Structure formats: C-alpha cells, structure tokens
Amino acid sequence: LCERLVRAGDGGGSISVVVPTRRASHGNRVRFLPTVEVRVLDVLDDKALVRVLGDCDALVNLIAILHGSTREFEQVHAALPQRIARACHAVGLKRVVHVSALGVGGGNEPSDYLRSKAAGEAAWKASGLDVTLLRPSVMFGAEDKLLNTFAALQAVFPLMPLAGSDAQFQPVWVEDVAEAIVRCLQRPETIGQTIECTGPDVMTLADIVRAAGRWSGNARPVLPLPLAIGKLQALAMELL
C-alpha cells in the first residue's frame, strides 16, 4: 500500500504517508520509500492517536489480528475503531478507508474473528465519518503466510493431511487490494460503500494447497481429514 501511495503521487503533488507502528523495526521495509514516515507509537494511547492524525487528510485502517482470545479480537477489531474514530473527530479528519474481511455482514458470523470484524464495521458506520469499507478475501502475495506455509509443509512431509479440504475461497492478490484502497481514496463516490474484494477464481482449500506445492516444486498428495481435526492442524501451522 505504501508503494502504491507513493506511486500515486508521482504524477504531481506528492502524497505524504505516515505509518504508525509499535516497534521501529517493523517499519524497516517502508521507511526508505520517498514521502513515507514511520512513527513509533501505541495505538491504544488516545493522546498518541490524536497527535499522529493531527496533520493527516485521510486514514487507512489496516490494524487486525488473525489469532487471539475473544477479548483480544474485541479490543483490536471493535474497540480500537471506536477510539480511532474519536481521534478523527478530535482533529477534524473525515476520510477513512477501513479494511475488514469477506464473510462479514450476514449477521450470523461463525467466529470471534468475524464477529469482532462485524462490530468494527458497525463502529465505523456509526461514526459519522466519510467511510469506505473494504472486505477482502484471503490474500496471497510473494511473502504471504498462506501459500508459503503450505509450500513449506510440502517441502517436509510426503503428503498433506488437510481438514476442511472442500472449503471454498476466492483468493485475491495483495497488490489488487492495495490498488483498491488507493482508488477508494481517490474517488469520493466510494464514501458510504462496502466493497468486497475477491479474485477471479473460486478455489477449494485443497486446490490452494496443491497450487502452493506445484509452484514451489514440492507437490504432494492431499489427504482430506474430518473437520474435527482442523483445530489441531491450525495449531501446528501456527507453531511452524
């Protein structure tokens, strides 16, 4: 996203990008991009939020977690958007693009992750700010943890036991999501819209695993497992 924003300013009128982070080292990949400034701060500090947003014209909220307790999901995905919205009002910042997740919006979200994401969307909708909501599907890219994890596993094991192998996804390239965010910032007509970001192909989890193995040169047979074993598999992937 930082690279896309810098490029968007190359045509005239450079875009200054401020990237808050908890640790300076987390900003090493972007700190040398022209017009990008990395600032170390605690986003749970309301005064720090006001300071960092004070000279900004727009906000892109990418803060999220994939794993955690119910309380942690609530804190990051639901309570934090409320705090950021209050900081936006305090400094007069109106324009917001918030990155949520595909699967939110049905009112019967099946996980703490999606329920907290839904609560975050509700907070932004109630904020009175000029908000665009993006709901990307599972993202892939050069250094993602999805394809690379499955590729690493197939480099080690002779076959891939897989729970939920028939689960369907519509993976989206991370570069396309970054481009969508930039276009939303450039187009006021997207204010108030909820936009789902998906790739062109519907794939099962087994399809994704096979693709990761094929592209990494370590293709292995997929062994479907009952969904009940899925939690153990997820834990193993986290530990990897």
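The values are calculated or read from the model by the stated rules, or taken from the named source; none is laboratory data. Only a predicted model underlies this, so the values are computations on that prediction, with no experimental measurement involved. Here Cβ is always computed from backbone atoms with ideal geometry, including for glycine, and neighbour counts include all displayed protein chains. Calculation scope for accessible area: heavy atoms of the full protein, side chains included, ligands and nucleic acids excluded. Shrake-Rupley method; radii C 1.70, N 1.55, O 1.52, S 1.80 Å.
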Open item on the list: Can you give me the long-range amide H partners of VAL222? Hydrogens built in the peptide plane at 1.01 Å from N, cutoff under 5 Å, separation of 5 or more residues or another chain.
Closed with: MET160
Task: Subset of LYS94/LYS145; LYS117/LYS145; LYS47/LYS94 violating a 24 Å alpha-carbon distance limit - done: LYS94/LYS145
- [ ] Kindly provide the Kirkwood hydrodynamic radius of region 1-60 in Å, to one decimal, from all pairs of distinct alpha carbon atoms.
- [x] 12.2 Å
Open item on the list: Testing the spin-label approximation: label points 7 Å from Cα along Cα→Cβ at ALA58 and GLU189. State their distance in nm.
Closed with: 1.6 nm
Task: For the chain, accessible area per residue (1.4 Å probe, heavy atoms of protein chains only), Å² - done: 56 Å²
TODO: Treating only the Cβ atoms of Lys and Arg (+1) and Asp and Glu (-1) as charged, compute the dipole magnitude of the chain about its Cα centre; round to the nearest 20 debye.
DONE: 360 debye
Open item on the list: As a test of the formula, what do you get for the chain when each DSSP H run with n ≥ 4 contributes -39,500 (n - 2.57) and the sum is divided by the residue count, at 222 nm and rounded to the nearest 500 deg cm²/dmol?
Closed with: -11000 deg cm²/dmol
Open item on the list: Using a 7 Å offset from the Cα along the Cα-to-Cβ direction at both SER111 and VAL91, what is the distance between the two label points in nm, to one decimal?
Closed with: 3.2 nm
Task: the chain - percent relative contact order, Cα under 8 Å, separation 6 or more - done: 17 percent
- [ ] Quick one: pull the percent of accessible area on region 114-226 belonging to carbon and sulfur, 1.4 Å probe, ligands and nucleic acids left out.
- [x] 57 percent
Task: the chain - share of DSSP beta bridges that are antiparallel (%, nearest 5) - done: 10 percent
- [ ] Mind telling me which of LEU225, LEU80, LEU49 comes out most flexible in a GNM of the chain, alpha-carbon contacts under 10 Å?
- [x] LEU225
TODO: List the residues whose amide H sits under 5 Å from the amide H of ILE15, counting only those 5 or more places along or on another chain, with H placed 1.01 Å from N in the peptide plane.
DONE: GLY9
Open item on the list: Once you keep just the Cα pairs under 8 angstrom separated by 6 or more residues, what percentage relative contact order results for region 1-141?
Closed with: 19 percent
TODO: Choose one answer from PHE32, PHE169, PHE73: the residue with the largest mean-square fluctuation in a GNM of the chain with alpha-carbon springs under 10 Å.
DONE: PHE32
TODO: Report the one residue of GLY68, PHE169, GLY128 whose Cα lies farthest in the direction of the positive end of the charge dipole of the chain (charges on C-beta: Lys and Arg +1, Asp and Glu -1; origin at the Cα centre).
DONE: GLY68
